[in-house]
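Asker: Before we start, here is the structure in question, set down as structure tokens.
The values are calculated or read from the model by the stated rules, or taken from the named source; none is laboratory data. These figures come from a predicted structure and were not determined experimentally. Note: ideal-geometry Cβ built from the backbone for every residue, glycine included; neighbour counts use all protein chains shown. Surface accessibility is based on the protein's heavy atoms, side chains included, excluding ligands, DNA and RNA. Shrake-Rupley method; radii C 1.70, N 1.55, O 1.52, S 1.80 Å.
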Amino acid sequence: MRELAERLAAVRSEITDAARAAGRDASELTTIVVTKFHPASLVRELHALGVRDVGENRHQEAQAKAAELAALDDLTWHFIGQLQSNKARQVKRYSHIVHSVDRPALVDALARRDGDPEDEVVEVFLQLNLTDDPARGGVAPERLEALAEHALRAPGLRVRGVMAVAPLGEEPRAAFARVREASDRLRSLAPDARAISAGMSGDFREAILEGATHLRIGTAITGSRPTPR
Ligand SMILES: *Cc1c(COP(=O)(O)O)cnc(C)c1O
């Protein structure tokens, strides 16, 4: 727990420095600690250290942790992984924000259905694919507007902004500049959708320089991940 506290403090101070270097205020930034593959006990320790935003990328694992930690009701669960449409309704039950919306079928699966009393508004990010590989997840940047128009019409969805992972083999700052440009296009359709979910352990400084508002940081805070089961 002491090492965890030290890593968390170190990352928080690097975020503050990077924000200052970018002429921004660190209070504009939400740091999501990515806890995938780690046990619920780690999330509990993070909560005790003041963390309120956690990120998970696999439905079954996330659902089990959220259920185990239901008493920590001030935690916000962010779903950041690829999502099958047939799991969408279940993910919505425990996730407040889904960062990986990348196709109309997933929008429809997350949208509110009449008559379901448990149906709440879900916040979403539209995920961009910055690679040429469709298997990576995310919508091709040139198809962002069409997806956004679909999502903006869907009942029970609130579009917060764009999300992306910097591809290997590209300088992260250049990749995040492309994300910022896509964000500008989204905002011309939806002025409130100004959030940018970008930046991981290795590249959050570059993401902050290009306007990221939501950082998804795993190993720099949690230490290395256990092998997935
Ligand atoms: C795992 C993951 C992260 C965190 O990665 P680290 O390199 O451990 O910081 C961020 N975003 C997504 C989509 C992830 O799957």
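Asker: Using only C-alpha positions, report the orientation-averaged shadow area of the convex hull of segment 155-229, nm², one decimal. Before the final figure, lay out the partial values.
Answerer: Values: hull surface 27.4 nm².
Convex hull of Cα atoms, orientation-averaged projection: 6.9 nm².
Asker: So what J values fall out for segment 209-224 if you push phi through Karplus, 6.51 cos²θ - 1.76 cosθ + 1.60 with θ = phi - 60°, rounded to Hz, Gly and Pro as x?
Answerer: The phi angles translate into 4, 9, x, 4, 10, 10, 9, 10, 10, x, 3, 4, 9, 7, x, 5 Hz.
Asker: Next up: Go through segment 132-140 residue by residue and turn each phi into a ³J(HN,Hα) via Karplus (6.51, -1.76, 1.60, θ = phi - 60°); whole Hz please, and just put x for glycine and proline.
Answerer: These are the phi-based 3J(HN,Hα) values: 8, 9, x, 5, 6, x, x, 8, 4 Hz.
Asker: Going by amide H atoms built from the backbone, whose H comes under 5 Å of the H on Thr30, apart from near neighbours?
Answerer: For Thr30, whose amide H was placed from the backbone, the distant partners under 5 Å are His214, Leu215.
Asker: Leu130's amide H: which non-local residues (gap 5+, or another chain) put their own amide H closer than 5 Å, with H modeled 1.01 Å from N in plane and none for Pro or chain starts?
Answerer: Amide H neighbours of Leu130, under 5 Å, 5+ apart: Val165.
Asker: State the percentage of accessible surface on segment 2-222 attributable to carbon and sulfur atoms; use a 1.4 Å probe and exclude ligands, DNA and RNA.
Answerer: Numbers: 4920 of 10300 Å².
Ligands and nucleic acids excluded, carbon and sulfur give 48 percent.
Asker: Could you report the chain's accessible area per residue, 1.4 Å probe, as an integer in Å²?
Answerer: On the way: 11100 Å² over 229 residues.
Heavy-atom SASA per residue in the chain reads 48 Å².
Asker: Work out, in µm²/s and without decimals, the Stokes-Einstein translational diffusion coefficient of segment 49-181 at 25 °C, 0.890 mPa s, Rh from Kirkwood over C-alpha pairs.
Answerer: Working: Rh = 15.5 Å.
The diffusion coefficient I find is 158 µm²/s.
Asker: Let me ask something else. Take the Cα atoms of segment 1-119, build their convex hull, and give its volume per residue in Å³. Could the numbers behind the result be given before it?
Answerer: Numbers: hull volume 15.2 nm³, N = 119.
Enclosed volume per residue, from the Cα hull, is 128 Å³.
Asker: Sticking with this structure for a sec: Non-local amide H neighbours of Val101 (under 5 Å, H modeled in plane, Pro and chain starts lacking H): which ones?
Answerer: Sorted by chain and number, the residues that satisfy this are Phe125, Gln127.
Asker: How large is Rg over Rh for the chain, taking Rg from the Cα atoms and Rh as the Kirkwood inverse mean of 1/r across Cα pairs? Let's see the in-between values first.
Answerer: Working: Rg = 16.9 Å, Rh = 17.9 Å.
Taking Rh as the inverse mean 1/r over Cα pairs, Rg/Rh reads 0.95.
Asker: I want to check the label-to-label distance for Ala64 and Lys87. Put each point 7 Å from Cα in the C-beta direction and report it in nm to one decimal.
Answerer: Placing both labels 7 Å along Cα→Cβ, they lie 1.3 nm apart.
Asker: Rounded to the nearest 500, what is the 222 nm mean residue ellipticity of the chain from helices alone, with -39500 (n - 2.57) per DSSP H run of 4+ residues and division by all residues?
Answerer: On the way: 9 runs with 91 residues, N = 229.
One gets -11500 deg cm²/dmol as the mean residue ellipticity at 222 nm.
Asker: Which length gain, in nm to one decimal place, applies between Asp17 and Arg194 when the Cα-Cα distance is subtracted from 0.36 nm times their residue separation? Provide the component values of the computation, followed by the final result.
Answerer: Values: separation 177, 0.36 × 177 = 63.72 nm, distance 2.25 nm.
Gain on extension, Asp17 to Arg194, equals 61.5 nm.
Asker: Using θ = phi - 60° and the Karplus form 6.51 cos²θ - 1.76 cosθ + 1.60, what ³J(HN,Hα) does each residue of segment 36-50 get, whole Hz, x for Gly and Pro?
Answerer: For segment 36-50, the Karplus curve yields 3, 6, 8, x, 4, 4, 5, 4, 5, 5, 4, 4, 5, 8, x Hz.
Asker: To the nearest 10 Å², what's Thr219's accessible area with a 1.4 Å probe?
Answerer: For Thr219, solvent-accessible area is about 50 Å².
Asker: Now a separate question. For the chain, which span is the longest to avoid every loop-located (per DSSP) member of GluC sites (Glu not before Pro) having at most 16 other Cβ atoms inside 10 Å?
Answerer: Details: sites that count: Glu118, Glu120, Glu170.
With a cap of 16 other Cβ atoms within 10 Å, the longest stretch comes to 1-117.
Asker: Placing +1 at every Lys and Arg Cβ and -1 at every Asp and Glu Cβ, with all other atoms neutral, what dipole size does segment 2-222 have around its Cα centre, in debye to the nearest 20?
Answerer: Numbers: 30 positive and 34 negative charges, 26 e Å.
In total the dipole reaches around 120 debye.
Asker: For segment 103-189, what is the charge dipole size about the Cα centre, in debye to the nearest 20, if Lys and Arg each add +1 at the Cβ and Asp and Glu each add -1 at the Cβ?
Answerer: I would put it at about 240 debye.
Asker: Subtracting the Cα-Cα distance from 0.36 nm times the residue separation, let me have the gained length for Arg112 to Arg44 in nm, one decimal. Write down the numbers at each step before the final one.
Answerer: Working: separation 68, 0.36 × 68 = 24.48 nm, distance 3.10 nm.
That pair, Arg112 and Arg44, stretches by 21.4 nm at full extension.
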